[in-house]
Each structure stands twice: as structure tokens, then as C-alpha cells.
Amino acid sequence: MKVLVLGPGGREHAIIRALLADPQVQEVHSAPGNAGISQDVPVHQIDANNPEAAVSLAQDLGVDLVVIGPEAPLVAGVADALRAKDINVFGPNQDAAALEGSKAFAKEIMAAADVPTALAYVATNADEAIKALDTFGAPYVVKDDGLAAGKGVVVTEDRAAAIAHAEACFEAGGSVVIEEYLDGPEVSLFVLSDGTNVVPLAPAQDFKRIFDGDEGPNTGGMGAYSPLEWLPEGFVEEVVERVARPTIGEMARRGTPFNGVLFCGLAVTKRGIRVIEFNARFGDPETQAVLSRLKSPLGQLLLAAARGKLDVQGELEWDSRTALDVVMAAKNYPDTPQKGDVISGLQEANELENVHVIHAGTAEKDGEIITAGGRVLAIVALGNTLIEARQAAYAGVEKISWDGAQYRSDIAQAAAENKIRVPDTSSH
């Protein structure tokens with residue numbers, strides 16, 4: 001089969017690498033891609049958020065499947081336009097993508113489907129926001145209701161800072177969702193859906209804050225690892241039965257079936273599993289770790305989902321090793337990242353055993369690879385243990401440099417030191 005992957009980032013590069021490993025996939029194309037992707041497959045410079053441009057390219061190439069990476073094309077209705085032309089698409093339609101596009105809509109679906117999640121209020125003005133903040137108390141959780149690429153969330157002990165974030169969202173014409181704070185470790189689980197059936201991938205954990213020790217502002221994610229040895233037995237099955245199936249069922253019942261990947265952001269709390277958020281696409285940087293362990297052919301899996309045939313998929317096969325990735329970000333990320341710095345050491349890192357470099361915000365200029373975004377690269381490694389995977393990934397990081405490069409030195413350190421505590425749920 002021939003596959004077109006839409007999107008410019010690290011998640012798309014990881015998807016493309018996995019597709020190329022599928023014996024049934026003869027050809028992969030990317031639009032718009034990045035400097036790393038262009039070394040692996042042909043790239044096409046279109047606006048991937050433009051439905052007409054996406055349809056035109058898919059038809060010109062004669063592809064059998066289009067995989068939509070980021071959230072923006074989904075919310076813009078690119079999947080709808082492709083399906084209208086009978087092109088197989090992995091990615092939800094515009095109405096279904098509202099699960100990510102609107103936090104308030106996601107809460108409504110969860111309530112209807114009896115999915116366990118944080119208690120929440122939607123506030124449209126400062127008075128409502130203050131009332132909700134005071135009802136829940138600190139730590140305060142304030143989320144921009146719309147798409148914010150993982151950065152529209154503030155979690156703080158500072159009441160004034162929480163109110164200020166809410167007011168900034170109102171000034172921009174939006175509303176906010178204010179939630180109770182969820183204790184316990186966070187887990188990301190991707191669940192593939194064909195609109196009816198669901199197939200879970202392996203759970204991962206990512207690291208949102210920019211600095212070591214979970215300090216500093218939120219980012220799109222600074223690293224991830226999979227599997228999670230500390231998760232309770234039966235965790236994935238419980239998420240499928242209590243979260244994914246009911247959500248997919250409710251979407252179908254409403255006439256907006258969800259076809260694609262439901263990204264479940266979860267907290268393992270003392271009251272059990274709670275959904276923090278849904279996304280309507282693969283998460284970045286978890287995808288880089290999870291897909292590097294997937295042995296089942298990804299192209300066939302995504303095509304089965306696009307065609308409504310996930311029920312015939314057998315058990316997925318996984319590499320028994322641990323995968324870990326460390327994100328290297330540009331100077332000044334997540335504020336206004338510095339762009340145009342020449343990156344050195346990419347080949348040296350890629351030549352290390354069990355290490356590969358995934359490109360996100362990169363471009364090519366005069367034969368050199370330069371920084372072109374906030375999160376620039378993810379250095380991915382496989383190891384027989386988490387400690388081995390960490391050592392290998394950071395060995396890769398050491399080989400790469402550019403002016404002002406920044407990364408966290410503590411990705412999965414707590415897990416490697418056996419310091420993650422899952423709250424005891426027996427009293428609830």
C-alpha cells in the first residue's frame with residue numbers, strides 16, 4: 001500500500017519510521033514533513049490544514065491511506081474532506097475531533113458515558129472562575145477550553161496566578177475549564193478505534209515541564225518512556241472498559257463515530273483511574289517511545305481502523321525492551337524559541353547502537369540541518385532495562401549540540417530509581 005502522512009513534527013517522523021517497517025507498505029509520502037523526514041521519504045510542501053490541498057495531494061499520489069498526525073488538520077475538517085472522496089483516513093472527522101478541540105465537550109461526553117474524570121466547572125467570566133477556584137481549593141487547575149497544543153493548562157498553588165490565566169483566556173475570547181487537582185502519577189494510553197472496536201497500544205508516561213524536577217512552564221512534552229513496570233496489573237484492560245469503550249460508544253450513539261486514535265491522558269489516583277484529558281491524535285513525545293516498540297505492522301493496523309475492521313486484528317506484538325526518548329528543545333522554548341541554529345552530531349547519535357534520532361522542529365539550509373521550532377529533536381533508545389534505555393538515550397543526547405540547546409536530564413529517573421508510588425485505592 002501507499003500511505004500519506006500529514007504533519008510536520010516528531011510524532012509524524014515516528015509514524016513514518018514505523019510504517020516503513022511494515023512489509024505491506026511500499027511507499028510513504030509526507031506533507032509538509034521536516035528535514036529528518038525528507039531524508040526518509042518524499043515530502044510535499046502543502047498546507048496540511050487545508051482540506052482541498054490534502055485531498056488534491058492524496059488523489060495525485062493515488063494513496064491507499066492518509067494518516068493525519070496533528071490536531072489542527074483534524075479540527076479543520078481535513079478527515080471529512082478526504083472521506084467525502086472515498087479516501088481511507090486514519091483520524092477523526094471534525095465533529096469527533098471536538099473531543100480534543102473543546103475540553104467542555106469532552107467533559108459532556110464523559111458525563112454521558114459515565115467515564116471517571118476530575119470534577120470540573122466551565123467558566124466564561126472572572127466571577128465564575130473565582131467561585132470555581134475557591135470551591136476546589138489549591139492546587140488550582142485552569143485549562144483554556146480550546147486547542148492550546150498542550151500549553152493552555154496552568155497548575156499552581158498561587159490563586160492570583162490561576163485567576164490571571166483565566167482572565168487571559170477570557171480576554172482572548174475563550175472560556176476556561178476549572179478542575180479539581182488529581183493526585184497520583186500520570187499515564188498516557190493510545191487506543192486505536194475504527195468507530196466501534198478498540199485496540200489499546202502500550203502505556204507510556206511523558207514529562208510536561210521544561211526543567212528537571214517538574215519545574216517551570218508546561219511544554220508539549222520533554223520526553224517519555226514505555227512500558228511502565230509500576231502500573232497495577234489489569235490497568236490497560238480497565239482503561240479500555242471504563243474509559244475508551246464507553247467514550248467510543250457514546251460518540252457512535254451521537255452519530256459522530258470516532259475513527260482514529262483516542263489519546264487518554266490519565267491520573268492513577270487514590271480514588272482510581274481518572275481521565276485528565278482526551279486528545280484526538282497520537283501524543284508527542286509518547287509516540288516516539290511507543291511505536292519504537294511496536295512489532296505488529298502499523299500500516300495494516302491503521303488501514304484496518306480506517307476501514308472499520310479492527311475487530312479482525314489479533315493481539316499486538318511488542319518488543320520486550322524498554323523505549324525512552326529525550327526531547328532536545330531550542331533556546332527560549334516554550335516562549336519564543338530561537339530558530340536557525342546549526343545542529344551538529346546527528347550522524348554520530350544515529351550510529352549508536354539501539355539509538356535513533358526523530359526530527360520535529362528542523363529544516364535544511366545550505367546543506368546543513370538547522371533548528372526550526374520549539375521542540376527540535378527526540379533522541380530515542382531501546383534497552384533491556386529502563387536504566388539501560390536511559391543511558392543509551394542520554395549518550396545520544398551528548399553527541400548532539402547547537403547554540404542554546406536544552407533538555408531535561410531526569411526523564412524517567414524516578415521510575416528507574418523505583419520511586420513512583422501508585423496511591424492505595426483499597427480504602428475507596
TODO: Mind computing the radius of gyration and Dmax over the alpha-carbon atoms of region 247-334? Å is fine for both.
DONE: 16.2, 47
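Over all directions, how big on average is the projection of the convex hull of the alpha-carbon atoms in region 173-319, in square nanometres?
Values: hull surface 42.0 nm².
About 10.5 nm², averaged over all directions.
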Open item on the list: Within 10 Å, Cβ to Cβ, of residue 399, how many net charges do the neighbouring residues add up to if Lys/Arg are +1 and Asp/Glu are -1?
Closed with: -3
TODO: Express the relative contact order of region 99-147 as a whole percentage, based on alpha carbon pairs under 8 Å and six or more residues apart in sequence.
DONE: 54 percent
Open item on the list: In the chain, once you exclude exposed GluC sites (Glu not before Pro) (DSSP loop, at most 13 other Cβ within 10 angstrom), what's the longest stretch remaining?
Closed with: 1-156
Open item on the list: Need one number: the % of Cα-Cα pairs in region 178-222 sitting beyond the 15 Å mark.
Closed with: 63 percent
TODO: Jot down the radius of gyration and Dmax of the chain, Cα atoms only, both in angstrom.
DONE: 20.6, 63
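Tally Lys and Arg at +1 and Asp and Glu at -1 over the other residues with C-beta under 10 Å from the C-beta of residue 3: what net charge comes out?
Values: positive: 2; negative: 22, 27, 64.
Its environment carries a net charge of -2.
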Open item on the list: Placing one identical point scatterer on every Cα of region 68-128 and ignoring solvent, what is log10 I(q)/I(0) from the Debye formula at q = 0.17, 0.18 Å⁻¹?
Closed with: -0.68, -0.73
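Taking K and R as +1 and D and E as -1, what net charge do the other residues with C-beta under 13 Å from the C-beta of residue 96 add up to?
Details: positive: 83, 253, 254, 281; negative: 71, 80, 95, 100, 194, 250.
Counting the neighbours of residue 96, the net charge comes to -2.
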Task: Count of Lys pairs (Cα-Cα under 28 Å; at least 8 positions apart or interchain) in region 268-395 - done: 4
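Of all alpha-carbon pairs in region 349-408, indicate the percentage at a distance above 20 angstrom. Can you show the working numbers first?
Numbers: 490 of 1770 pairs.
Here the long-distance tail beyond 20 Å is 28 percent of all Cα pairs in region 349-408.
For region 3-143, how many pairs of lysine residues have a Cα-Cα distance under 22 Å, where the two are 8 or more positions apart or belong to different chains?
Values: 103/131; 103/143; 107/131; 107/143; 131/143.
Lysine pairs, 8 or more places apart or on different chains, close enough: 5.
Can you give the Kirkwood hydrodynamic radius of region 205-284 from its Cα pairs, in Å with one decimal?
On the way: mean 1/r = 0.0690 Å⁻¹.
One over the average 1/r among Cα pairs gives 14.5 Å for region 205-284.
What is the Rg over Rh value, at two decimals, for region 93-184, using alpha-carbon atoms and the Kirkwood definition of Rh?
Numbers: Rg = 12.7 Å, Rh = 13.3 Å.
Rounded to two decimals, Rg/Rh equals 0.96.
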Task: Distance between modelled label sites at residue 105 and residue 365, nm, 7 Å Cα→Cβ extension - done: 3.8 nm
Task: Gyration tensor verdict on region 44-95 (Cα atoms; rounded if a/c is under 1.5, prolate if a/b is larger than b/c, oblate otherwise) - done: oblate
Task: trypsin sites (Lys or Arg not before Pro) lying in DSSP loop within region 162-262, provided at most 13 other Cβ fall within 10 Å - done: 254
Task: the chain, relative contact order in percent, only Cα pairs under 8 angstrom and at least six apart counted - done: 17 percent
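How large is the convex hull of the Cα atoms of region 1-128 per residue, expressed in Å³ as a whole number? Don't skip to the end; give the middle numbers.
Working: hull volume 19.2 nm³, N = 128.
Spelled out: Cα convex hull of region 1-128, divided by residues, is 150 Å³.
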Task: Compactness of region 330-371, expressed as Rg and Dmax over alpha-carbon positions, Å - done: 11.8, 34
TODO: Rounded to the nearest Å, what's the spacing between the alpha carbon centres of region 158-208 and region 93-136? Just the number, please.
DONE: 10 Å
Open item on the list: Run the simple label-point estimate for residue 317 and residue 181 please: 7 Å along Cα→C-beta, distance reported in nm.
Closed with: 4.7 nm
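Looking only at the chain, where both bridge partners belong to it, what percent of the DSSP beta bridges are antiparallel (to the nearest 5)?
Details: 61 of 75 bridges.
Given both bridge residues lie in the chain, the antiparallel proportion sits at roughly 80 percent.
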Open item on the list: If you filter region 338-412 for trypsin sites (Lys or Arg not before Pro), then keep DSSP loop positions with at most 15 other Cβ within 10 Å, what is left?
Closed with: none
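Every number in this text was worked out from the coordinates using simple rules, so none of it is lab data. What you see is a predicted model; the values in this text were computed from it and never measured. Backbone-built Cβ (ideal geometry, glycine too); neighbour counts: all protein chains shown.
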